[in-house]
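Let me begin by presenting the structure, written as structure tokens, before commenting on it.
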Amino acid sequence: MKIFLSTIEPVRIADALKFLSEEEKVIVINSLPLDSASVVLGETDEQSQEDIVEELESEKLGQLLDEMDSDDAVDILDDLEPDDQEEILAEIDKSSKGRADVLRDLLQYPEDTAGGIMAPELLTVYQCQTIGDALSLFKEANENDKIEDIHNIFVVDKHHILCGLLPLKSLIIYSNRKLVKDVMNSDYQYVPVEEDQEVVAHIVRKYDLYSIPVVDGDKKLVGRITADDILDVIDEEAIEDMSHIAGVTQEEFTEESVLRSVRNRVPWLLIGLFGGIVSATIINFFEDSLKLILALAFFVPVVTAMGGNAGVQSSAIIVKRLATGDIHPQYLLSRLSREIQIAFLNGLICSTFLTLIVTLWRGDFLFGFLIGLALFLVILIATVVGTSVPLILKSLDIDPAIAMGPFVTTSNDVVGLMLYLGIASLFIKFFY
């Protein structure tokens with residue numbers, strides 16, 4: 001087994017673990033060298049990671065986490081109970097003095113902040129040092145394999161306050177006697193330790209960064225976030241958005257038990273059921289109008305579906321732009337105005353088309369105009385709702401992706417149905 005596994009890249013082994021039982025996963029981990037096993041544990045899927053952590057002895061798990069990057073180790077520790085965390089940290093402390101304290105410090109930060117995803121391992125140089133000094137530090141770090149993925153050397157002053165960045169190319173193009181402060185990049189991006197991970201991801205993506213420094217309230221350098229961590233954040237946020245849109249939990253994207261999946265899905269289905277009951281009540285309220293003109297019932301699905309589609313289109317655009325940071329507070333009214341203009345034109349085109357079809361089919365222009373007007377107003381209102389709700393949720397620090405979920409979709413159906421039958425009743429009262 002050991003000989004066979006040694007011929008396979010750890011990342012491939014990590015991908016294959018999802019197809020194995022819990023016992024087989026542990027056997028694979030125990031058959032690998034510590035360095036390879038730590039990579040496999042860090043790269044495998046969440047369910048496999050959970051299975052392995054539950055089955056491994058504290059000593060073995062401590063050894064694996066000691067081999068991993070600090071940010072990856074903390075991600076695993078963060079899912080454990082406090083007593084289990086301390087037990088593992090005690091094992092780490094036996095082999096690496098000070099390492100457990102570093103992990104304890106990182107555990108204090110919320111997992112969805114810059115502090116929660118940063119790694120404290122980084123290469124620093126004082127601004128009063130020379131390029132030659134920086135080159136020596138870089139060589140030492142590479143020889144000892146202390147720090148991975150070095151893209152920049154972070155420049156600090158004697159109080160460890162971040163002053164600038166020193167790109168690796170500076171070590172080649174400048175003389176060894178050149179002072180770091182004379183050639184460092186003073187125009188750089190950084191994030192506070194409490195910054196939301198989604199904002200960090202937006203900054204890294206916007207400025208095409210390979211890594212970004214993290215500072216505390218005094219602007220002292222405390223860590224860095226690399227591009228691979230940002231990719232994990234983007235995946236996580238995408239899964240979170242999809243779960244809200246579908247009306248399920250994030251855990252559904254891993255293998256959950258049947259009962260847990262049912263428990264997570266039922267509330268959203270009950271919201272849809274409640275919306276259906278409300279819709280049925282509305283139809284019952286307008287029963288007399290439907291009896292007078294039975295053909296009104298034929299177009300209920302058309303009007304509600306079109307309203308839902310228009311609302312989802314607007315919500316999708318706004319949620320996407322909010323996620324990428326393309327919408328700023330000062331442009332909210334202009335964005336809402338633009339969506340209303342689009343809704344007006346879309347509603348005009350669709351309602352005109354429907355009016356012509358209904359008129360030709362029923363031979364009654366007034367009835368066709370009634371249906372067309374209802375569709376026009378439903379599209380307009382659904383667009384306003386679809387645009388406004390994500391913006392309101394964002395202002396309340398609630399994930400705007402919820403606006404594309406079953407709750408708002410059901411609300412649009414109810415409002416559209418009420419508007420359609422309400423207009424129909426008014427037309428019947430005055431024209432029939």
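Between 40, 11, the distinction of being touching a residue at least 12 places away in the same chain (Cβ under 8 Å), buried (at least 17 other Cβ atoms within 10 Å of the Cβ) and either of a type in the set (A, V, I, L, M) or in the same structural domain as residue 80 (by TED's automatic domain parsing) (or both) belongs to 40 only. Residue 120 falls short on exactly one of the conditions (1) modelled with pLDDT under 90; (2) over 22 Å from residue 49 (Cα atoms), and that condition is (1).
Of the residues making up the stretch 198-224, those that are touching a Leu at 6+ places or on another chain (Cβ under 9 Å) and outside any helix (DSSP H, G or I) number 9. Take residue 166 and decide whether it is in contact (Cβ under 8 Å) with a residue 40 or more places away in the chain and either assigned to a strand (DSSP E or B) or touching a Lys or Arg at 6+ places or on another chain (Cβ under 7 Å) (or both). Criteria met by residue 166.
Step by step: first the residues of the stretch 17-37, then only those that are among the hydroxyl-bearing types (Ser, Thr, Tyr) and not in a loop (DSSP other than H, G, I, E, B), then the one that is surrounded by the fewest Cβ atoms within 10 Å (Cβ to Cβ). Which residue is that? Checking each candidate, the answer is 31. A search for C-beta distances below 7 Å between a residue of the stretch 24-37 that is assigned by TED's automatic domain parsing to the domain that holds residue 6 and any residue that is surrounded by 13 or more Cβ atoms within 10 Å (Cβ to Cβ) and β-branched (Val, Ile, Thr), counting only pairs 6+ apart in sequence or on different chains, returns 25/52; 26/52; 28/13; 29/40; 29/52; 32/40; 37/29.
If you go through the stretch 106-131 and keep only what is touching a Ser or Thr at 6+ places or on another chain (Cβ under 8 Å) and either closer than 14 Å to residue 150 by Cα or in the same structural domain as residue 186 (by TED's automatic domain parsing) (or both), you end up with 119, 120, 121, 131. Selection within the stretch 174-209: residues that are of a type in the set (Ser, Thr, Tyr) and loosely packed, with under 14 Cβ neighbours inside 10 Å. The member of this set that is farthest from residue 235 (Cα to Cα) is 175.
So, residue 382, is that one within 17 Å of residue 293 (Cα to Cα) and among the small types (Gly, Ala, Ser) or not? Judged against the criteria, residue 382 is not a match. Looking only at the stretch 384-393, decide whether some residue is modelled with pLDDT of 90 or more and buried (at least 21 other Cβ atoms within 10 Å of the Cβ). Within the stretch 384-393 (the criterion being modelled with pLDDT of 90 or more and buried (at least 21 other Cβ atoms within 10 Å of the Cβ)), the answer is no, since none of the residues qualifies.
Restricting 67, 87, 121, 111 to those that are more than 31 Å from the chain's Cα centre (by Cα) and over 23 Å from residue 174 (Cα atoms) reduces the list to 87.
Close contacts from the stretch 255-271, counting a first residue that is at pLDDT 75 or above and a second that is assigned to a helix (DSSP H, G or I) and not aromatic (Phe, Trp, Tyr), with Cβ to Cβ under 8 Å and a gap of 6+ residues or different chains, come to 269/406; 271/406; 271/410. Somewhere in the stretch 293-308, is a residue more than 21 Å from residue 425 (Cα to Cα), small (Gly, Ala, Ser) and touching a helix residue (DSSP H, G or I) at 6+ places or on another chain (Cβ under 8 Å)? Scanning the stretch 293-308, I find at least one residue that is more than 21 Å from residue 425 (Cα to Cα), small (Gly, Ala, Ser) and touching a helix residue (DSSP H, G or I) at 6+ places or on another chain (Cβ under 8 Å), so the answer is yes. Here the stretch 355-379 is the region considered, the condition is being aliphatic (A, V, I, L, M), under 18 Å from residue 422 (Cβ atoms) and surrounded by fewer than 21 Cβ atoms within 10 Å (Cβ to Cβ), and the residue that is modelled with the lowest pLDDT is 366.
The values are calculated or read from the model by the stated rules, or taken from the named source; none is laboratory data. Being a predicted model, the structure only gives us computed values, none of them experimental. FYI the Cβ positions are ideal-geometry reconstructions off the backbone, even for glycines, and counts take in every protein chain you see.
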